[in-house]
Each structure stands twice: as structure tokens, then as C-alpha cells.
Amino acid sequence: FARRLVVLTMPATHAPPFPVINQLPSTAAVIANFKGDDLTWITGLGVGSGIFGFLSGRPIRRSQMYLCFGLGAFAGYLIAFQNSSARLMGFRSNPRECAQYGLEFPTKDQIHPRYWEVTNDAFYRKG
């Protein structure tokens with residue numbers, strides 16, 4: 001019996017609308033690609049959940065606050081990880097990554113109108 005290395009990936013049902021930076025990014029590559037928006041998700045959900053935990057945990061406020069902060073920060077990390085990996089794989093707008101790796105970002109005329117809402121419009125307003 002021959003053993004084969006099987007790489008399990010989630011199949012895409014359509015081609016990515018934006019340039020592909022890394023087709024199968026590693027965890028380290030995705031974390032290295034975090035932007036300020038991604039860190040805002042982690043911090044915002046963590047702090048917001050911590051405040052909620054403090055206000056709702058009457059008899060054990062401190063423990064409830066720490067638990068909710070940890071769960072909120074973890075949820076923010078999962079959202080940030082998903083957004084960062086989608087940018088690397090070309091499923092979200094990635095003009096910053098294209099400039100970093102020397103790829104040409106498509107013009108708005110080259111992008112299907114379905115994806116205009118996920119496109120960074122500030123990139124096109126620069127000129």
C-alpha cells in the first residue's frame with residue numbers, strides 16, 4: 001500500500017476575483033498579514049465582551065469579566081484570521097498586499113460589480 005500525502009483544502013466554487021498572493025497560506029503567513037483592522041476586531045470584541053462580563057457577572061464579576069474577555073478576543077481573532085486569509089487567497093480586496101508583493105491590482109472596470117462592495121474604494125479615489 002502506497003501512502004500519499006493528502007492536503008485537505010476547502011474547494012472554492014469560483015475563481016477569486018482579486019489577485020492571489022498565496023493560494024494556501026500557512027498560519028504564520030496569515031498572522032503576519034494582520035492589518036490594523038484585524039487587530040481592532042480582536043481588541044474591540046475582547047474589551048466589549050469584558051465589559052459585558054463585568055456588568056452581567058454580579059456575584060463573581062472579575063472571573064466573569066476575564067472569561068468573557070477571553071472568549072471575545074478569541075472570536076475577534078477568528079474573524080481577523082478569516083479576513084487576513086481571504087485577502088491572501090484573493091477572496092477579499094487586497095491592494096496593500098498587491099503593492100507589497102509587486103502585483104498589479106485590477107481597476108474597478110476589471111472587477112465584477114458583485115464584488116464592488118468588498119473592494120476598498122479608498123484605493124480608487126487616490127487617483
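The values are calculated or read from the model by the stated rules, or taken from the named source; none is laboratory data. Small disclaimer: the values here were computed from a predicted structure and weren't measured. Because the Cβ atoms are built from the backbone with ideal geometry, glycine has one as well, and the counts that use them run over all protein chains shown. In case anyone asks, the SASA skips ligands and DNA or RNA and just uses the protein heavy atoms, side chains included. Shrake-Rupley method; radii C 1.70, N 1.55, O 1.52, S 1.80 Å.
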So which of ILE51, ILE42, ILE79 ends up being in contact with a Cys (Cβ under 9 Å, 6 or more places away or on another chain), among the β-branched types (Val, Ile, Thr) and either farther than 30 Å from HIS14 by Cβ or part of a helix (DSSP H, G or I) (or both)?
-> ILE51
Every pair of residues 6+ apart whose Cβ atoms lie under 8 Å, when the first sits in region 21-38 and is within 21 Å of GLU104 (Cα to Cα) while the second is open to solvent by 70 Å² or more (accessible area, probe 1.4 Å) = ILE21/TYR101; ILE21/LEU103; LEU24/VAL7; LEU24/THR9; LYS35/ARG96
Unmet criterion (only one of (1) assigned to a helix (DSSP H, G or I); (2) among the acidic types (Asp, Glu); (3) in contact (Cβ under 8 Å) with a residue 60 or more places away in the chain) for GLU104 | (1)
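Just give me the residues in region 54-67 being touching a Cys at 6+ places or on another chain (Cβ under 9 Å) and assigned to a helix (DSSP H, G or I), in sequence order.
Kept after step one, since they are touching a Cys at 6+ places or on another chain (Cβ under 9 Å), are these residues of region 54-67: 54, 56-57.
Passing the criteria: PHE54, SER56.
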